[in-house]
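See below for the structure under consideration.
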């Protein structure tokens with residue numbers, strides 16, 4: 001039977017299924033508790049049990065000292081409730097609450113998604129996990145100290161690997177290396193998480209998610225996170241690219257829309273090729289949004305992609321009543337860009 005866990009400071013409560021850890025249950029239900037390794041080693045998930053009992057499937061973690069145990073502390077990444085509980089633990093309410101870290105990682109897999117887009121799956125050391133909010137990015141730190149920023153395309157609950165989607169920029173030092181020389185099992189360094197582009201779930205607004213090119217990466221993370229948590233508000237995804245071959249995860253986005261009634265997907269091609277046989281929407285992606293939503297008051301808008309797309313959306317959406325407080329963007333600048341390598 002499930003047990004109820006209540007957080008004393010906020011009054012938030014959630015259900016923990018049999019055999020599930022307190023941390024996993026909280027994350028699954030949209031409550032962001034702190035964590036680091038998720039293996040009972042780093043102590044980042046430490047909190048106090050005010051009432052109730054827990055067990056540890058592999059015995060009491062060595063990271064818990066006798067004094068910790070005497071004072072009622074637990075490691076919630078490992079603790080399994082044995083009764084209803086009340087706990088004292090810090091909740092993460094925004095990006096500023098998450099520790100930015102420098103970590104080594106290994107290329108676990110490399111897969112070409114499109115003619116100019118490469119997917120990397122990065123594996124952290126066995127004892128590490130990177131806590132982040134869906135939509136944030138990391139810096140890849142090069143040997144000479146230069147950094148290239150890429151959005152995380154995987155959602156936080158699916159963090160065995162960190163997924164990057166890297167566009168090949170002509171003349172780009174790092175993207176050229178990724179496409180031509182980078183091998184699986186190669187070592188890299190990353191720093192993160194970074195950025196304030198994430199879904200403001202507390203706003204409880206229907207949202208429009210507008211992506212351009214590989215700006216799809218952070219939008220993918222946001223959508224998969226929202227669907228996993230059962231986000232109830234309508235979500236309208238618009239993905240603008242040049243031609244059909246640039247919709248490199250079109251089938252994935254279509255499946256989301258087919259399976260979830262509150263998610264609507266509109267791909268938009270600006271320069272469809274004759275061989276595309278395209279019968280869908282064409283033109284600029286922000287104009288497709290404007291055609292469908294003449295009044296944007298009462299919406300939250302999240303834009304991710306090329307600067308010209310973000311700038312056009314910012315200007316025209318404000319004219320249609322969008323509250324600037326509910327407009328969030330991630331502009332992929334060249335030379336230092338979330339989601340893009342540039343030099």
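The values are calculated or read from the model by the stated rules, or taken from the named source; none is laboratory data. Bear in mind that the values here come from a model prediction, so they are computed numbers and not experimental data. Here the Cβ positions follow ideal geometry from the backbone for every residue, glycine too, while neighbour counts run over all protein chains shown.
Whether any residue in region 240-250 is in a strand (DSSP E or B) and under 17 Å from residue 153 (Cβ atoms) is what I want to check. Checking region 240-250: at least one residue is in a strand (DSSP E or B) and under 17 Å from residue 153 (Cβ atoms). Would you point out the residue of region 3-42, among those that are under 25 Å from residue 125 (Cβ atoms) and either assigned by TED's automatic domain parsing to the domain that holds residue 102 or touching a helix residue (DSSP H, G or I) at 6+ places or on another chain (Cβ under 9 Å) (or both), that is surrounded by the most Cβ atoms within 10 Å (Cβ to Cβ)? The residue in question is 35.
Residues being within 33 Å of the chain's Cα centre (by Cα), loosely packed, with under 10 Cβ neighbours inside 10 Å and farther than 16 Å from residue 21 by Cα: count how many of those fall in region 58-72. Counting residues in region 58-72 that are within 33 Å of the chain's Cα centre (by Cα), loosely packed, with under 10 Cβ neighbours inside 10 Å and farther than 16 Å from residue 21 by Cα gives 1.
When you go through 158, 144 one by one, which is the residue that is in contact (Cβ under 8 Å) with a residue 60 or more places away in the chain, surrounded by fewer than 23 Cβ atoms within 10 Å (Cβ to Cβ), out of contact with any strand residue (DSSP E or B) (no Cβ under 6 Å at 6 or more places or on another chain) and not in a strand (DSSP E or B)? Every option except 158 fails the conditions. Consider residue 135 carefully, then state whether it is in contact with a helix residue (DSSP H, G or I) (Cβ under 7 Å, 6 or more places away or on another chain) and either crowded, with 23+ Cβ neighbours inside 10 Å or not in a strand (DSSP E or B) (or both). Against the criterion (in contact with a helix residue (DSSP H, G or I) (Cβ under 7 Å, 6 or more places away or on another chain) and either crowded, with 23+ Cβ neighbours inside 10 Å or not in a strand (DSSP E or B) (or both)), residue 135 qualifies. Of all the listed residues (301, 289), the sole one being in the same structural domain as residue 240 (by TED's automatic domain parsing), surrounded by 15 or more Cβ atoms within 10 Å (Cβ to Cβ), modelled with pLDDT of 95 or more and within 21 Å of the chain's Cα centre (by Cα) is 301.
When 174, 150 are checked against the criterion of being under 28 Å from residue 287 (Cα atoms), in contact (Cβ under 8 Å) with a residue 12 or more places away in the chain and not assigned by TED's automatic domain parsing to the domain that holds residue 302, a single residue qualifies: 150. For region 75-119, the set of residues classified as surrounded by 15 or more Cβ atoms within 10 Å (Cβ to Cβ) and either assigned to a helix (DSSP H, G or I) or without any contact (Cβ under 8 Å) to a residue 40 or more places away in the chain (or both) consists of 75, 95, listed by residue number.
Condition first: in a strand (DSSP E or B) and loosely packed, with under 14 Cβ neighbours inside 10 Å. Now tell me which residues in region 175-212 satisfy that.
Across region 175-212, the qualifying residue is only 187.
Inclusion of residue 256 among residues that are part of a helix (DSSP H, G or I), more than 20 Å from residue 323 (Cβ to Cβ), at pLDDT 95 or above and touching a helix residue (DSSP H, G or I) at 6+ places or on another chain (Cβ under 8 Å) is warranted.
Apart from one condition, residue 268 fits all of (1) buried (at least 21 other Cβ atoms within 10 Å of the Cβ); (2) touching a residue at least 60 places away in the same chain (Cβ under 8 Å); (3) not in a helix (DSSP H, G or I); the exception is (2).
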